[in-house]
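The structure under discussion appears below in the form of structure tokens.
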Amino acid sequence: GGIYCAASAATITNNTVTANTADAGSGIYCVQCSVTIANNTVSHNTGAGINCTDSPLTKVLNNTVTRNGTTGIYCSGGSPMLANNVIAQNDGNGVYCRYCSPTITNNTIVGHALGSNSGIYCEHSSPTVTNTIIAFNAVGMTVVSGSPTLRFNCTYGNVTQNYSGTADPTGTSGNISADPRFGDWLHGNCHIQPDSPCVDAGEDDAVLPDWLDIDGQPRIQGPHVDIGADESDGTTWPEPFARTIHVRPDGDDANDGSSWAAAKRTIRAGLSDAAETDQVWVAAGTYVERITLRHGVALYGGFAGNETDRAQRNWAANRTILDG
């Protein structure tokens, strides 16, 4: 994996942890630790983004945890703190709590829509969840056993239901269910618009004095704290748009795929960066890899690697082979 800590007291800050492979926690894995994990970007790892096992005093603050192969953040044992994190579009649950009582405050948990995944999944756990956006997952929050405390959260647009295994608290204790009005969460922009119902709708007492939002800005800028990881500073963010991601055998997965010149090398990397309504164009060649299609993403082969319009491709002349 990327970072492994055992029986230690570590501080892990300001890192990019990406494209690592391991079973338990391929981004950052801490077992029996008292660690602070802050201001990191943890993405595109094959297992969990951050795994804190039997690490009761863990603090996970101001991280961006996206597009990992299983759970975004897994925690077991004790009372870890998760605050001001963006946890988005991981292939498992957003946050998985097992035999613990975490404090989950001012997070944005969005886009865990594969199968029956939940924004927050609780197994024998009683988390306190405050000022958190839980949106556009398959299920918002699932409680197998435990008694969560839910205050001033925005839970909206989850595919099957907002709450499973616990009473829906919407309309009580500051909890709302309304479109949080993101900039473009499908493509990684989880900032809220100035007219979001989450602006000034949070609980101030849940915020510690030195906290900053995901951009490093003061946590309270208006009359009250905003719900979610972003504290709106009045910026109006661009609306969602569809992208074309290019892949060719001589590309580089570190590229953004925005053109043939900046193409990625593997189809898996192209699909991993794609969101609903995007297209992935693949140039001729043999790609020895296993792929998983993403909901709403179109995958096209048959390109020579210079086309500007999909109608220009000739799949008879430009054979694109997926060898699994």
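The values are calculated or read from the model by the stated rules, or taken from the named source; none is laboratory data. From a predicted model like this one, the values you see are computed outputs, not experimental measurements. All Cβ positions, glycine included, derive from the backbone under ideal geometry; neighbour counts span all protein chains shown. Calculation scope for accessible area: heavy atoms of the full protein, side chains included, ligands and nucleic acids excluded. Shrake-Rupley method; radii C 1.70, N 1.55, O 1.52, S 1.80 Å.
Residues are listed down the side, and each one gets a yes or a no for (1) open to solvent by 20 Å² or more (accessible area, probe 1.4 Å); (2) aliphatic (A, V, I, L, M); (3) modelled with pLDDT of 95 or more; (4) over 14 Å from Val86 (Cα atoms):
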{"site": "Thr105", "(1), (2), (3), (4)": "no, no, yes, no"}
{"site": "Cys122", "(1), (2), (3), (4)": "no, no, yes, yes"}
{"site": "Ser145", "(1), (2), (3), (4)": "yes, no, no, yes"}
{"site": "Phe152", "(1), (2), (3), (4)": "yes, no, yes, yes"}
{"site": "Thr172", "(1), (2), (3), (4)": "yes, no, yes, yes"}
{"site": "His191", "(1), (2), (3), (4)": "yes, no, yes, no"}
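Taking the criterion of being open to solvent by less than 40 Å² (accessible area, probe 1.4 Å) and either within 17 Å of Asp205 (Cα to Cα) or of a type in the set (Gly, Ala, Ser) (or both), the residues of region 128-143 that qualify are Val129, Thr130, Asn131, Thr132, Ala135, Ala138, Gly140. Selection over region 204-217 of residues that are open to solvent by 40 Å² or more (accessible area, probe 1.4 Å), modelled with pLDDT of 95 or more and either over 16 Å from Met81 (Cβ atoms) or not in a strand (DSSP E or B) (or both) gives a count of 7. Since Gly92 meets every condition but one in (1) surrounded by 24 or more Cβ atoms within 10 Å (Cβ to Cβ); (2) in contact (Cβ under 8 Å) with a residue 40 or more places away in the chain, which condition does it not meet? Failing condition for Gly92: (1). When the residues of region 241-253 are filtered to those that are of a type outside the set (Asp, Glu) and surrounded by fewer than 16 Cβ atoms within 10 Å (Cβ to Cβ), the one that is modelled with the highest pLDDT is Pro249.
Does region 24-64 hold any residues that are open to solvent by 10 Å² or more (accessible area, probe 1.4 Å), over 14 Å from Cys100 (Cβ atoms) and not small (Gly, Ala, Ser), and which are they? If the condition is that a residue be open to solvent by 10 Å² or more (accessible area, probe 1.4 Å), over 14 Å from Cys100 (Cβ atoms) and not small (Gly, Ala, Ser), then Tyr29, Thr36, Asn39, Thr41, His44, Thr46, Leu61, Asn62, Thr64 are the ones that fit.
Listed here are the residues, each with its yes/no results for (1) without any contact (Cβ under 8 Å) to a residue 24 or more places away in the chain; (2) farther than 22 Å from Gly27 by Cβ.
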position: Gly78; (1), (2): no, no
position: Gly146; (1), (2): no, yes
position: Thr149; (1), (2): yes, yes
position: Phe152; (1), (2): no, yes
position: Thr172; (1), (2): yes, yes
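If you go through region 288-316 and keep only what is aliphatic (A, V, I, L, M), under 18 Å from Trp260 (Cα atoms) and open to solvent by less than 80 Å² (accessible area, probe 1.4 Å), you end up with Ala298, Leu299, Ala304. Considering only residues in region 293-310 that are of a type in the set (A, V, I, L, M, F, W, C) and either modelled with pLDDT of 90 or more or touching a strand residue (DSSP E or B) at 6+ places or on another chain (Cβ under 6 Å) (or both), the one that is farthest from Arg268 (Cα to Cα) turns out to be Ala304.
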